[in-house]
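The values are calculated or read from the model by the stated rules, or taken from the named source; none is laboratory data. Being a predicted model, the structure only gives us computed values, none of them experimental. No Cβ is skipped: glycine too gets one built from the backbone with ideal geometry, and neighbour counts run over all protein chains shown.
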Amino acid sequence: MHKRVAAMAAGLAIVGAVFVSGCGSDSKDAAAKSTASAANLSTESVCGLLTAADIKDALGVEPGYSIYQSNTCEWKAHEGDNESILSLSVQPGGIDIFNDLKPRIADASAPTAGIGTDSFISKGERWLYFVVGKDVYTVVVSAKIDPTKLDQASIALGKAAAQRVA
């Protein structure tokens, strides 16, 4: 049990560091970072790696709002929603952390071939981690979808994002 908790804590380090580094931004800063468009979807940084169609196809929910902060894009069904439906984060140069985490938290029964140069879905929370170059990307689906389709949705989104990484 202690090993599983430690592995989950280490896994959270990648995404947690990204989210915590964004704390302290005021709402004006956050709003400025969100590119206004007809659907109010940002295309800044990692936000530009997934389209509304990618998200709707994978989750069955059309995103109406997204925001980019501190290497993370967060999509919501509607502006003002408290809950996200999806987030995509990048940890530049995070390859060493990825290589440390994979043997400890990867679910070997979840095939993820073809996403970046390496990838895995974590046990427990079912996050998808993938590598392009030395950067690590994390797909976190938080939309309320059929749990049996969670891995499939994460993989579809990861493949779409990995194909667009420059």
With the checklist (1) surrounded by fewer than 19 Cβ atoms within 10 Å (Cβ to Cβ); (2) within 19 Å of Asn99 (Cα to Cα) in hand, flag the one item Val139 doesn't pass.
(1)
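Taking into account only those residues within region 71-120 that are charged (D, E, K, R) and touching a strand residue (DSSP E or B) at 6+ places or on another chain (Cβ under 8 Å), which is surrounded by the most Cβ atoms within 10 Å (Cβ to Cβ)? Working first, answer last.
Start the filter on region 71-120 by keeping residues that are charged (D, E, K, R), which leaves 74, 76, 79, 81, 83, 96, 100, 102, 104, 107, 118.
Subset that is touching a strand residue (DSSP E or B) at 6+ places or on another chain (Cβ under 8 Å): 74, 76, 79, 81, 83, 102, 107, 118.
On the way: Glu74: 24, Lys76: 22, Glu79: 12, Asp81: 12, Glu83: 9, Lys102: 17, Asp107: 14, Asp118: 16.
Only one residue tops the list, namely Glu74.
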Check region 25-46 and report whether any residue there is outside any helix (DSSP H, G or I), modelled with pLDDT of 95 or more, out of contact with any His (no Cβ under 6 Å at 6 or more places or on another chain) and among the hydroxyl-bearing types (Ser, Thr, Tyr).
no
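Look through region 127-153, keep the residues that are under 11 Å from the mean Cα position of the chain (by Cα) and without any contact (Cβ under 8 Å) to a residue 60 or more places away in the chain, and return whichever of them is farthest from Asp107 (Cα to Cα).
To start, the set of residues in region 127-153 that are under 11 Å from the mean Cα position of the chain (by Cα) comprises 127-130, 136-142.
Checking which are without any contact (Cβ under 8 Å) to a residue 60 or more places away in the chain leaves us with 128, 130, 139, 142.
On the way: Leu128: 10, Phe130: 13, Val139: 15, Ser142: 19 Å.
It comes out as Ser142.
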Residue count for region 56-114, restricted to those that are within 20 Å of Glu125 (Cα to Cα), assigned to a strand (DSSP E or B) and not charged (D, E, K, R)
10
